[in-house]
Amino acid sequence: MNTQITATPKLFIGIDIHKRSWKVHCATDLSSGKTFSMQPHAELLLEYVTKHYPAYEVSTAYEAGCCGYHAHRCFVSYGWRSLVVNPADIFRKGKERHTKTDRIDAQLIARELKDDRLSSICVPDKCREQLRSLFRRRNDLVKDMRQIKSYIKMQLLYYGISIPQDLDNDHWSHKFRDWVDSLDFEYDTGNEVLRSRMRSFRFIDQEFRDVSTLLRRYTKIHFKKDYMLLRSIPGIGPIVASGILSELGDLRRFKNIKHLAGYVGLAPGIYQSGDTVRHTGVSMRAHRLIRSYFIEASWQAIRTDPVMQGYYRKHHGKNVKSVIVKVARKLLSRTLA
């Protein structure tokens, strides 16, 4: 009796991606397969699969990380099904939680992929991905600006120099900068340290302004419709709107407010067992950068929007931080609407 193949054989590849090497586990629908190491190049994996698993339907998965989405785009171009997964979504049994190696990680990914228990994160296109890099560059400059300001004030405090009361605030006006430039220490070394830090401050300040201008301009040109819709919401300014479009992408992909709030991290945590119900605050799993921007935008919303202000005052007397998170959740709901 002649036997015929009635279904396409399937290959499931779990990859633990690193800069210098990949740990790959190949499993088929009939066998557990094997694990091996290889150079970090997608075309080498294509050659291996073509040689050892011809005519197989290929599915791949790897954890999102510092290596980005280049490998994913290569796999898709080969006609393979490719998933980029959140590491927290990969199920580990009790023993596996206490043992971690690259081999085990690759095998776990292949196992979960084979059992169809993995879901991919949303992979942005190259335009939005590089816009997100520009937005994150601005956020890095904010941290650098905060650090260099602290260094300068630290030096003034260390040498017992008091800042005039009318100039001592977070906004460094030109008058304050001129006052710092006019300071004269007893020795030239003290002056050189302060001048060097002021040069760093001015460079970071100019870079911050240039990047912010480019971010607003690019978003307004390439995502004008959604950008203007977001700008129409009280409390959301041009930078927050640019951040939403670059980090969250098209908001229409979220099914409802619970889905979006869970992604951003503005969903309440609940612990319930029997008659015991305890609210644990906002979820630990969050997009921390966007969540912080929404909370910052909420402070502006309660100043400019009477409805938001009334909602904030209704909770007067409670913990201010908890109330502003409620306002941020309401602002997030408006944004999705």
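The values are calculated or read from the model by the stated rules, or taken from the named source; none is laboratory data. None of these values were measured; they are calculated from a predicted model. Here Cβ is always computed from backbone atoms with ideal geometry, including for glycine, and neighbour counts include all displayed protein chains.
Could you tell me whether the range 250-269 includes any residue that is over 17 Å from K326 (Cα atoms), charged (D, E, K, R) and part of a helix (DSSP H, G or I)? Yes: the range 250-269 contains one or more residues that are over 17 Å from K326 (Cα atoms), charged (D, E, K, R) and part of a helix (DSSP H, G or I). In this structure, is R117 modelled with pLDDT of 90 or more, under 25 Å from the mean Cα position of the chain (by Cα), part of a loop (DSSP other than H, G, I, E, B) and not acidic (D, E)? It is true that R117 is modelled with pLDDT of 90 or more, under 25 Å from the mean Cα position of the chain (by Cα), part of a loop (DSSP other than H, G, I, E, B) and not acidic (D, E). Per the listing R209, R216, R197, the residue uniquely in a helix (DSSP H, G or I), of a type in the set (K, R) and touching a residue at least 40 places away in the same chain (Cβ under 8 Å) is R197.
Within the range 211-248, restricting attention to residues that are of a type in the set (A, V, I, L, M) and surrounded by fewer than 16 Cβ atoms within 10 Å (Cβ to Cβ), the residue that is modelled with the lowest pLDDT is I221. Looking across the range 16-48, the residues that are charged (D, E, K, R) and in contact (Cβ under 8 Å) with a residue 12 or more places away in the chain come down to D16, K19, R20, K23, D29, E43.
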